[in-house]
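Report on the structure given below.
The values are calculated or read from the model by the stated rules, or taken from the named source; none is laboratory data. If you're wondering where the values come from, they're calculated on a predicted model, not measured in any experiment. Please note: Cβ atoms are built from the backbone with ideal geometry, for glycine as well, and neighbour counts cover all protein chains shown.
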């Protein structure tokens, strides 16, 4: 090719300026759109809320609709073993053995693979990110890409996460996973895009028996506060000092 | 296939092991760096004349491994291009956020230390060579050619001060790697305040052993006699640090078993089924007890230099392998137990993949190539060869 140095420089400059301007424009569009979608803008004031979640294990029937709804709502891949919420089944056999399982995170429900006469006690336990008040995942993130919002939700900044997976190691509940598409950590957001619009998280809405409840801890009349006032509740692994905001009714000692 | 690798109940998200063999390599390499540096400071700081022959060589070894220490991490990150954010926007409650700073600081200390201890040679090489070599060495000398007695004395004083800073930073560099694991309360196999100390002791052990091996190998390659006093002295330090290392490692296991907290069942399962061979076999028996006895014998034997040398080399090889097994048992072992404390899973290394065995081997070979290049530019052989004559 026959290009003079002058032409080459001119062309090069155009490419560089074009690329820079292009990225800047795209970036501004992306930031604007994600800001309006995720951050509390408009009427929603994140200072006015503090979210909490209650799981009534006595009601759960293990249908797995919650886990299904979650994957649909949040584009969590169905063909990968990654879950923002799942249901565990605990079965104490007559010989004393405890069997725990959660096949495919309960998305397809459960199969009765042990005859009923061999089972002494059985129950289901829905699991989800505890959105801890003292979240170890936030503590260990080396760049601050995961954070707690003012309304008490632990989120991941996908544009900032470096993908070191330290938070996945740091979560005692196995609530985090690696998003193979975004190449970042990922987790339950309590459907932040829904709750900031006054809707319920998808899993809560999908539950046919009301085993999952969601509400505002700052509102004394919320369903969450009513339950916390009346019921005897517990949280998962309280000894770790993580201060979960997912409260359990009827938590068995086998559940970790 | 998957089903056979899993026993009991693991949380659904745990099916995939997050930290692969590359993350085993990272503490292994930084450990070798810290250990080699501390071996060199036995002379530079503590004035142990016996190890003078390898003191500068140890610094070059530390540098060669330090230069690749970051590679396994970068290869592992989901977004390597964002890795630099650790330095720009460190989140200070994270043990990991200190990495960039500690690493850079330590790199500067090692480079300065090397420069000061090689400055006289660099200046002489600059004055006695022609062409590109003259340019290279002049640049390395920073175009300052003062090698008067006073200047060299000042160098030495400064080098000693630097090495004094270097010891805590080497200890910090590696102790902090231990804290990355030790500070994770979610994982009962990692969460212990002993972890930084265990990492540090095993680092020193692996660094000295590597230095012994490299020393013997380079003397054999250069067909030069080995300074047995130096070797004996290194072996002696290796032995002492092995004792400290094994005391801490056993203390951890014994107190875990003695206290028998909630997690003891899964820890016992890990030790008896998942990592029994790599823990009891490789890490403790092969990597500590056998070298301990061999080094003890080599220490009390009179004469028979060749036999002693063989015993010391065998011990060093075993130690280097044993410490790798220790890193493996921590990093992989910790991930093979479920945080539900009710199940285990198995890590199956892949050979060809970004986080596979092949990149791990490549990353482990590079430091030796770097060391070859660095020792070509800054030959440390003079100290190693004149002493033995």
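Among the residues making up region A:173-188, those that are surrounded by fewer than 21 Cβ atoms within 10 Å (Cβ to Cβ) and more than 7 Å from chain B (Cβ to nearest Cβ) are A:180, A:181, A:182.
Being under 14 Å from the mean Cα position of the chain (by Cα), assigned to a helix (DSSP H, G or I) and modelled with pLDDT of 95 or more is true for just one of B:244, B:238. Which residue is that? Write out each step before concluding.
Details: B:244 fails: under 14 Å from the mean Cα position of the chain (by Cα).
Going through B:244, B:238 in turn, the sole match is B:238.
Any idea which residue in region A:162-172 is surrounded by the most Cβ atoms within 10 Å (Cβ to Cβ), counting only those that are touching a strand residue (DSSP E or B) at 6+ places or on another chain (Cβ under 7 Å) and facing chain B (nearest Cβ under 7 Å)? Once the filter is applied, the top-ranked residue is A:168.
In region B:233-246, the residues that are under 18 Å from residue B:327 (Cα atoms) form Cβ pairs under 7 Å with partners that are surrounded by fewer than 20 Cβ atoms within 10 Å (Cβ to Cβ), at six or more places apart or across chains, as follows: B:242/B:292. Among the residues in region B:366-378, are any outside any helix (DSSP H, G or I) and modelled with pLDDT of 95 or more? Within region B:366-378, one or more residues are outside any helix (DSSP H, G or I) and modelled with pLDDT of 95 or more.
A search for C-beta distances below 9 Å between a residue of region B:132-151 that is closer than 17 Å to residue B:118 by Cβ and any residue that is part of a loop (DSSP other than H, G, I, E, B) and at pLDDT 95 or above, counting only pairs 6+ apart in sequence or on different chains, returns B:140/B:378. Out of B:345, B:364, one residue alone is within 14 Å of chain A (Cβ to nearest Cβ), under 26 Å from residue B:286 (Cβ atoms), in contact with a helix residue (DSSP H, G or I) (Cβ under 8 Å, 6 or more places away or on another chain) and surrounded by fewer than 21 Cβ atoms within 10 Å (Cβ to Cβ). It is B:345. The selection criterion, being closer than 23 Å to residue A:145 by Cα, assigned by TED's automatic domain parsing to the domain that holds residue A:134 and within 15 Å of the chain's Cα centre (by Cα), holds for residue A:185.
In region A:144-161, which residue that is buried (at least 24 other Cβ atoms within 10 Å of the Cβ) and within 12 Å of chain B (Cβ to nearest Cβ) is farthest from residue B:76 (Cα to Cα)? Show your work before the answer.
Applying the first criterion (buried (at least 24 other Cβ atoms within 10 Å of the Cβ)) to region A:144-161 yields A:145-146, A:154, A:161.
From what is left, the residues that are within 12 Å of chain B (Cβ to nearest Cβ) are A:145-146, A:161.
Values: A:145: 17, A:146: 19, A:161: 13 Å.
Checking each candidate, the answer is A:146.
Of the residues making up region B:247-270, those that are more than 16 Å from residue B:194 (Cβ to Cβ) and part of a helix (DSSP H, G or I) number 6.
Scan region B:332-365 for residues that are assigned to a helix (DSSP H, G or I) and closer than 19 Å to residue B:270 by Cα and the total you get is 5. Considering A:54, A:98, A:125, A:82, the condition of being within 28 Å of residue A:149 (Cβ to Cβ), in contact (Cβ under 8 Å) with a residue 60 or more places away in the chain and out of contact with any helix residue (DSSP H, G or I) (no Cβ under 9 Å at 6 or more places or on another chain) is satisfied by A:125 alone. Each residue in region A:194-231 was checked for being surrounded by 15 or more Cβ atoms within 10 Å (Cβ to Cβ) and part of a helix (DSSP H, G or I), and 12 pass. So which of B:211, B:270 ends up being touching a strand residue (DSSP E or B) at 6+ places or on another chain (Cβ under 9 Å) and either buried (at least 19 other Cβ atoms within 10 Å of the Cβ) or closer than 24 Å to residue B:52 by Cα (or both)? On inspection, the qualifying residue turns out to be B:270.
Would you point out the residue of region B:272-331, among those that are outside any helix (DSSP H, G or I) and in contact with a helix residue (DSSP H, G or I) (Cβ under 8 Å, 6 or more places away or on another chain), that is modelled with the lowest pLDDT?
Going through the qualifying residues, I end up with B:301.
Considering region B:1-104, the qualifying helices (runs of 4 or more DSSP H), each wholly inside and each with 1 or more residues that are crowded, with 23+ Cβ neighbours inside 10 Å and touching a residue at least 12 places away in the same chain (Cβ under 8 Å), run over B:21-44, B:52-66, B:71-76, B:85-88.
Selection of region B:174-207 for residues being surrounded by fewer than 24 Cβ atoms within 10 Å (Cβ to Cβ), under 14 Å from the mean Cα position of the chain (by Cα) and within 14 Å of chain A (Cβ to nearest Cβ) yields only B:176. When residue B:385 is tested against (1) over 21 Å from residue B:27 (Cβ atoms); (2) modelled with pLDDT of 95 or more; (3) assigned to a helix (DSSP H, G or I), only condition (2) is not met. Taking the condition of being within 13 Å of chain B (Cβ to nearest Cβ), crowded, with 18+ Cβ neighbours inside 10 Å and either outside any loop (DSSP other than H, G, I, E, B) or at pLDDT below 95 (or both), how many residues in region A:232-256 meet it? So the count comes out to 1.
Being more than 7 Å from chain B (Cβ to nearest Cβ) and within 11 Å of the chain's Cα centre (by Cα): is that true of residue A:203 here?
yes
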